[in-house]
Structures are given as C-alpha cells and as structure tokens.
Amino acid sequence: MRLYRMELYKLLSRKIFGIGAVCMVLFTALGFWLSNVDMETAMVDGKLYSGYEAVQINRQITEPYKGTLSDEKVMEIVGQYGLPSEVVYDLPGWRDGNYLNIFVTDYLSDGYLRDWNNYQAPTRVYPIADTALGELQRVTGREIRLAYTQGWKALLDTLQTGMVLASILVIVSVSTLFAQESQTKMLPLLFTAQDGKEKDMRAKIGAAFTLTILVYCVAALLCLAMSLLVYGLDGGELALNMVWMGEASVRNRVSCMPVMSFAGIMLGTDFAAMLLLCAITLCVSARSRSNFGAVTAAAVLWGMPLFIGMLFGGIGYFLASCMPLFLIMSATIYDVFSFGWETVLVYPVTALTIICVVEGWQAYRRQT
C-alpha cells in the first residue's frame, strides 16, 4: 500500500499532470460554452436574447407547457409566439424563433431549415397524429412530451470533447510511468529494493488505473454539472433522435431509445474506453526506453483507428469501434447499437484490456 500511495503521488504531483488537468477543465468548459450556450437564441415579445440569457428565457417559457404534448398546447404556442420566418446568412437557426415555436416548426409544420439557401418558412401546422411525432408515439407506445431538452444535447456533445481531452491527459501522464525508470537507469536499483520487482509493478499499475478513473470522473462530472446547472436535464424520457438529432425518427431501436438511457450508455462506454486506453498506454510504457518514445507511440496507437476505420470499412470499422478513440464518440456508439454489435463489442474490449495489462507486466519484468 505504501508503494501504491507513493506511485500515485508521483503521478498526481507531476507538473505535466497539473497543467494538463487545468487545460482539460478549461477547454471542456470553453467548448461547452462556445458550441452550445453561445449559439442559443430566443425571440420573445419582439426582443432577441442570445447566449446564457436565451437559455434561461427558453427554459422559462417552456415551463408552462411542459408535459404531455397535445394539439391544444401546440395551438396555444402558435397563438402566443407565432411561427419563425427569418433566416440570416452565417447565423444558426431561425433568428425570430424561440425553443417553443421552433419545436412546432421542426416537427409539426410544413417549414424546414436545411441551410441558409434551402429553407421554407412555415405556413401551416399539422395535427400531431399526422406527423412523425404521431408515428413515434404509435411505435414506442409512449406519450409525446414537451420539455426543454437542450441540456441532454449539450451533455452528449460535451462528453465527447471532455473525454478526448481526458484521453490526452491519461496518455501524457501514464505513458512515462515505466519508461521513465528505463530512461533514468533506475531499473537495476528498483528491482533489488526490499519490496521487490512484483510489488513495484503492482503499485505502478494500480496507481495508473486510479489516476485514469479520477480523470474520467472529473471529466464526466464536469460535463454533467455544466449541463445540469446551465440547462437543466428535463425530458430525459424523450426519444434520442428528437433530442440529439432534431428529428422524430423511428428507423431503428436506438433512435427511439430515451435520451437518458443513451447518456448512461455513453458514460459506461467512456469508462471502458478510458480503462482500455490506460492498459494500452501501460503496455507501451513498459516496452519503451524513453519518455518521448512512450508518449509518441501511445499517441500514435490512440489515433491509428481513425485510419483503420476509413481505409477498410466493414470489419475495419468494427475493429476500430473497439478502440478507445472510437468508444468515446457518440456517433460510434449510436452505430454500434444500431447494428446490434453492443454484446459482441464487450468481449474484444475486455480481452484487449486484460491482454495489454498482462503484456505490459511481462515486458517490464524482462527489462534490466
């Protein structure tokens, strides 16, 4: 236990970890703000709100209509706020809309907005039963509910950013764990110490996984806290595609899944991805003789699946999906569940994690 605490302290006290942790938090928060909060607008009573103020206005005006959606509620929204019609080049969304009347436009009207040169202002509103929302209700057997769901969309988008930054932090922190002992010529001394080689390896591996879990928890809790505090997390029971992709699709079981369930799956796969990344990085570190070589090799292995997925497709995409970089991508997990790969995927991910830890252990034992 003493060796474990020492190794963990060494990892956490390094300047590179401290600087990396601060950068991870700051850049995750910046991405959350610029990609989500800063893009929100709301037009209410002829006044245009933007950014954080727009988020609060949209939450406020949605509250009275929250709950089961009905044709009567839809007409009340149209009567109160009208329908949007203005599009401004190089600015996102309807400029004279708010969360409620844009919801009606997207799901219950003949209006659409694909880009600045391809849009149609809504002219009529359809009954819920005659729209994709009605079909979604019939397929799922769940009532269509109205809630302010931007918090879930922001969470899914920010989780991916946060986990990419967390992965980089794990690579630069863990990759030097074994390699540094080779670089500084400390191996002969360590292996003749009272506690011995085996205890030293166990302590290092335990410290590496503890650091990885801490980094994951900080990144995940940061994303959850920002989404909850800024947006709230109402509407978790709504279909994933409605919340995340802005469409009432029934094309597969994943599109109809409650967004709360998908967010839970994402948190689980993110955790598995971080553990696998730690195992791969440990294996690389144990085989490296210098810090630079270990960091470089670990980074290359982390990014390599991008090329595998693009070049080979099919089986190549499946293999890439088992790798840490793909496991933290929301689109990958959506595809995996759409294809029915989720059960099969568990075995290679688990096996790779164990194999990398064992191989790293053996490689470090062989070093002198």
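The values are calculated or read from the model by the stated rules, or taken from the named source; none is laboratory data. For clarity, every value in this text was computed on a predicted model and none was experimentally measured. As a convention, Cβ positions derive from the backbone with ideal geometry for all residues, glycine included, and neighbour counts pool all protein chains shown. Ligands, DNA and RNA are excluded from the accessible area calculation, which covers all protein heavy atoms including side chains. Shrake-Rupley method; radii C 1.70, N 1.55, O 1.52, S 1.80 Å.
Considering only residues that are at pLDDT 80 or above and either open to solvent by 60 Å² or more (accessible area, probe 1.4 Å) or not in a helix (DSSP H, G or I) (or both), which ones fall in the stretch 332-352? If the condition is that a residue be at pLDDT 80 or above and either open to solvent by 60 Å² or more (accessible area, probe 1.4 Å) or not in a helix (DSSP H, G or I) (or both), then Val346, Tyr347, Thr350 are the ones that fit. Among the residues examined, Thr176 qualifies as at pLDDT below 95 and of a type in the set (S, T, N, Q). Against the list (1) open to solvent by 50 Å² or more (accessible area, probe 1.4 Å); (2) without any contact (Cβ under 8 Å) to a residue 12 or more places away in the chain; (3) over 25 Å from Asp45 (Cβ atoms), the condition Glu72 fails is (3). When Ile57, Ile77, Ile61 are checked against the criterion of being free of Cβ contacts under 8 Å to residues at least 60 places away in the same chain, touching a Leu at 6+ places or on another chain (Cβ under 7 Å) and more than 25 Å from Glu135 (Cα to Cα), Ile61 stands alone in meeting it.
For the stretch 116-135, which residues satisfy the criterion of being out of contact with any Ser or Thr (no Cβ under 8 Å at 6 or more places or on another chain) and part of a helix (DSSP H, G or I)? Matches in the stretch 116-135: Ala129, Asp130, Leu133, Gly134, Glu135.
For the stretch 249-282, a residue qualifies if it is in contact with a Cys (Cβ under 9 Å, 6 or more places away or on another chain) and outside any helix (DSSP H, G or I), and the qualifying residues are Ser249, Val250. Test Gly246 against the stated conditions and say whether it is within 30 Å of Glu40 (Cβ to Cβ) and in a loop (DSSP other than H, G, I, E, B). Judged against the criteria, Gly246 is a match. The lone criterion from (1) in a helix (DSSP H, G or I); (2) open to solvent by 20 Å² or more (accessible area, probe 1.4 Å) left unmet by Ser167 is number (2).
When Pro127 is tested against the conditions (1) within 16 Å of Lys66 (Cα to Cα); (2) open to solvent by 40 Å² or more (accessible area, probe 1.4 Å), the lone failure is (1).
Restricting the first member to the stretch 148-170 and to residues that are farther than 18 Å from Leu233 by Cβ, and the second to residues that are in a loop (DSSP other than H, G, I, E, B) and at pLDDT below 95, the beta-carbon pairs closer than 8 Å and six or more apart or on different chains are Met163/Ile328; Val164/Ile328; Ser167/Ile328. Is it fair to say Phe271 is free of Cβ contacts under 8 Å to residues at least 40 places away in the same chain, surrounded by fewer than 22 Cβ atoms within 10 Å (Cβ to Cβ) and of a type in the set (A, V, I, L, M, F, W, C)? When the stated conditions are applied, Phe271 does not pass them.
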